[in-house]
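To keep things clear, I will list the structure first and then write my remarks on it.
The values are calculated or read from the model by the stated rules, or taken from the named source; none is laboratory data. Only a predicted model underlies this, so the values are computations on that prediction, with no experimental measurement involved. Note that we place each Cβ from the backbone using ideal geometry, even for glycine, and neighbour counts take in every protein chain shown.
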């Protein structure tokens, strides 16, 4: 049986807005296992982003239990939380979050900069390997402005892989991409998941969620539905037939 990577039980998150209490999460429980590929879905205000921030160790719950790879996250100090986050979680964001004047290779190296056990030679080798995994080894010396949106997102994914994390959290990873490029990105996620990497994505798109193994729907701070899906695989000829939107035509 696969081991549990993320285990949350009765998570509650309340934000104090002056005299008003905003209940972002209302007793959420979820188990994510090694090799899972999960889509977190829901409308704006449903609680999905708050949930992702908590399991990404970017925020703490008001109450409830959270274990990440067997570690009780709710007992950790801020520094310990940051160390755990850096070691166990790889992040991919909708806006890429790349340094504009830094090469693809250097952007990928960033999470290792504060790891004193890794020298510059190993850092470079690991970054090149991560770029190779996402098919961008030949673009290592390019800065973000010289890369397409899809390539920038693949650099961000390579950066997420650099520390060999236990789980990748991706927040709307295809939100800034056209349909074809978004599907290409999901195929890369599928390939990584086939290798055993646990992946959780936030998306509001049913088409994107169809590439995962399990969909979890949020509404009003609660999980309203959780179900396995028939994983979508797209044929290469179908992908080639899709038009690619030119960046200069984007609004």
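Would you confirm whether or not segment 214-236 contains a residue that is modelled with pLDDT under 90, under 29 Å from residue 34 (Cα atoms) and in a helix (DSSP H, G or I)? Working first, answer last.
Of all residues in segment 214-236, those modelled with pLDDT under 90 come to 227-236.
From what is left, the residues that are under 29 Å from residue 34 (Cα atoms) are 227-236.
Still in the list and also in a helix (DSSP H, G or I): 236.
Within segment 214-236 (the criterion being modelled with pLDDT under 90, under 29 Å from residue 34 (Cα atoms) and in a helix (DSSP H, G or I)), the answer is yes, since at least one residue qualifies.
Test residue 169 against the criterion of being in contact (Cβ under 8 Å) with a residue 60 or more places away in the chain, crowded, with 20+ Cβ neighbours inside 10 Å, within 13 Å of the chain's Cα centre (by Cα) and assigned to a helix (DSSP H, G or I), and give yes or no.
So residue 169 fails the test.
From 104, 158, grab the single residue that is crowded, with 19+ Cβ neighbours inside 10 Å and closer than 26 Å to residue 41 by Cα.
Of the residues listed, the single one that is crowded, with 19+ Cβ neighbours inside 10 Å and closer than 26 Å to residue 41 by Cα is 158.
Among residues belonging to segment 154-166 that are assigned to a helix (DSSP H, G or I) and in contact (Cβ under 8 Å) with a residue 60 or more places away in the chain, point out the one that is nearest to residue 124 (Cα to Cα). So that I can check it myself, show each step before the final result.
Let us first name the residues in segment 154-166 that are assigned to a helix (DSSP H, G or I), namely 154-161.
In the following step, the residues that additionally are in contact (Cβ under 8 Å) with a residue 60 or more places away in the chain were identified as 156-157, 159-161.
Details: 156: 16, 157: 16, 159: 12, 160: 15, 161: 14 Å.
Ranking the qualifying residues of segment 154-166, first place goes to 159.
Exactly one of these conditions fails for residue 114: (1) farther than 17 Å from residue 28 by Cβ; (2) touching a strand residue (DSSP E or B) at 6+ places or on another chain (Cβ under 7 Å); (3) surrounded by fewer than 14 Cβ atoms within 10 Å (Cβ to Cβ). Give me its number.
(2)
Could you say whether any residue in segment 177-188 is out of contact with any helix residue (DSSP H, G or I) (no Cβ under 9 Å at 6 or more places or on another chain), touching a residue at least 40 places away in the same chain (Cβ under 8 Å), surrounded by fewer than 22 Cβ atoms within 10 Å (Cβ to Cβ) and part of a loop (DSSP other than H, G, I, E, B)?
No, segment 177-188 contains no residue that is out of contact with any helix residue (DSSP H, G or I) (no Cβ under 9 Å at 6 or more places or on another chain), touching a residue at least 40 places away in the same chain (Cβ under 8 Å), surrounded by fewer than 22 Cβ atoms within 10 Å (Cβ to Cβ) and part of a loop (DSSP other than H, G, I, E, B).
Hey, could you check segment 6-22 for residues that are assigned to a strand (DSSP E or B) and modelled with pLDDT under 95 and say which is nearest to residue 218 (Cα to Cα)? I'd like the intermediate steps shown before the answer.
Filtering segment 6-22 down to residues assigned to a strand (DSSP E or B) leaves 6-17, 20-22.
With the extra rule that they be modelled with pLDDT under 95, the set shrinks to 15-17, 20-22.
Numbers: 15: 18, 16: 21, 17: 22, 20: 22, 21: 19, 22: 16 Å.
In this case the residue turns out to be 22.
Can you tell which of 139, 126 is closer than 12 Å to residue 159 by Cα and surrounded by 14 or more Cβ atoms within 10 Å (Cβ to Cβ)? Talk me through it step by step, then tell me what you get.
On the way: 139 fails: closer than 12 Å to residue 159 by Cα.
Among 139, 126, only 126 is closer than 12 Å to residue 159 by Cα and surrounded by 14 or more Cβ atoms within 10 Å (Cβ to Cβ).
Among the listed residues 198, 174, identify the single one that is modelled with pLDDT under 95, crowded, with 19+ Cβ neighbours inside 10 Å and under 23 Å from residue 108 (Cα atoms). Please lay out each step first, then the result.
On the way: 198 fails: modelled with pLDDT under 95.
Answer to the selection: 174.
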